[in-house]
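The values are calculated or read from the model by the stated rules, or taken from the named source; none is laboratory data. Treat the numbers as computed from the prediction; the structure is a model and nothing was measured. Cβ sites come from the backbone with ideal geometry, for glycine too, and all protein chains shown count toward neighbours. In case anyone asks, the SASA skips ligands and DNA or RNA and just uses the protein heavy atoms, side chains included. Shrake-Rupley method; radii C 1.70, N 1.55, O 1.52, S 1.80 Å.
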Amino acid sequence: MVPGVRLVLLGKQGAGKGTQCVRLSRHYVVPHISTGDMLRSAARSGTDFGRQVAEYMRLGELVPDEVMIQVVEHRLDQHDTKNRGFILDGFPRTVHQAEALENLLNPRGLDLVLDLEVPTEVVLERLASRRVCSVCGSIFGIDNPPRRGAICDNCGGELVQREDDTEDSIRRRLELYASSTEPLISWYLDRRKLAAVDGLGVPERVTSRLIRAIDNRRHQLPDVGD
Ligand SMILES: [Zn+2]
C-alpha cells in the first residue's frame, strides 16, 4: 500500500480541484477534507454551530478564521487523518489559517502544497458554459455537454445557468481568489512547501502530474515513511 500523505490543494474555481482531490484521495488512501462540504453539512445538521454557519452563508460572509480553524482542528484529530494523512481542499485560505495549520500539525507538518494552475480565460469559459438541471441538479459544461440542447440527459429537466455564473460575477470571484491567495502562495514558497502543477488536459493526465510532484517531494524528505 502507498504510504499516506499530508497535502493541501490550491486552485481557482473551475480548475478541477474537486475532481483531482477525489482522485488523489483514492490513490493515496487518505480522506479528502473539503471545508466547503463540511460547512454545508454542518449548516444542515441543526446544531448550534450549524445554525451559526448557516447564518454566515445566508449573509454571504466568509466564515471567520477562528471558526474555520476549529472545524479543521476537530477533523484532523480523527483516526483516519492521524494514521494516514489527508488532502485539504478549501483550507487554508489566509496566511493566518496557514500558520494555525502549521501549529496543529507540529512537528511533522505538511508534505506539500499543490497549486493547480489553469489560465483564467480557460476557467472563465468553463464556468460560463456551466448549466445545471433545475430538477435533479446534474451539471453540464464544455467537458460534458448535454446531448439535447438545454435538456438534462438524466431526467429530461430544464438546464439553467446559475445566477452567480455570469461572466462578470465569475471574473469578480476569480479576482478575489487571486488577491487573497497570493500572500498564501508566497508564504508556502518561502517555506519550500509549494509545487505548481499544470492543470490543463484530461483529468487522468493532471492526476499523473500531481502524483509525480508529490512522490518527488517525498523522496527528497528524509523523515517520511514513518
Ligand atoms: Zn436532471
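Some observations on this one:
- Close contacts from the range 137-155, counting a first residue that is of a type in the set (Asp, Glu) and a second that is within 9 Å of the ligand (Cβ to nearest atom) and open to solvent by less than 60 Å² (accessible area, probe 1.4 Å), with Cβ to Cβ under 8 Å and a gap of 6+ residues or different chains, come to ASP153/SER138.
- Single condition ASP153 does not satisfy, out of (1) in a loop (DSSP other than H, G, I, E, B); (2) away from the ligand (no atom under 16 Å from the Cβ); (3) charged (D, E, K, R); (4) modelled with pLDDT of 95 or more: (2)
- Test: residue in the range 118-132 that is modelled with pLDDT under 95, within 16 Å of the ligand (Cβ to nearest atom) and part of a loop (DSSP other than H, G, I, E, B): yes
- The single condition from (1) exposed (fewer than 14 other Cβ atoms within 10 Å of the Cβ); (2) not in a helix (DSSP H, G or I) that ASP168 fails is (2).
- For the range 1-24, a residue qualifies if it is outside any loop (DSSP other than H, G, I, E, B), in contact with a strand residue (DSSP E or B) (Cβ under 7 Å, 6 or more places away or on another chain) and either buried (at least 21 other Cβ atoms within 10 Å of the Cβ) or among the basic types (Lys, Arg) (or both), and the qualifying residues are ARG6, LEU7, VAL8, LEU9, LEU10, LYS17, GLN20, CYS21, LEU24.
- Among residues that are within 16 Å of the ligand (Cβ to nearest atom), loosely packed, with under 13 Cβ neighbours inside 10 Å and either farther than 26 Å from GLY4 by Cα or at pLDDT 90 or above (or both), GLY141 is not included.
- Residues in the range 156-166 that are farther than 19 Å from THR19 by Cβ and within 16 Å of the ligand (Cβ to nearest atom): GLY156, GLY157, GLU158, LEU159, VAL160, GLN161.
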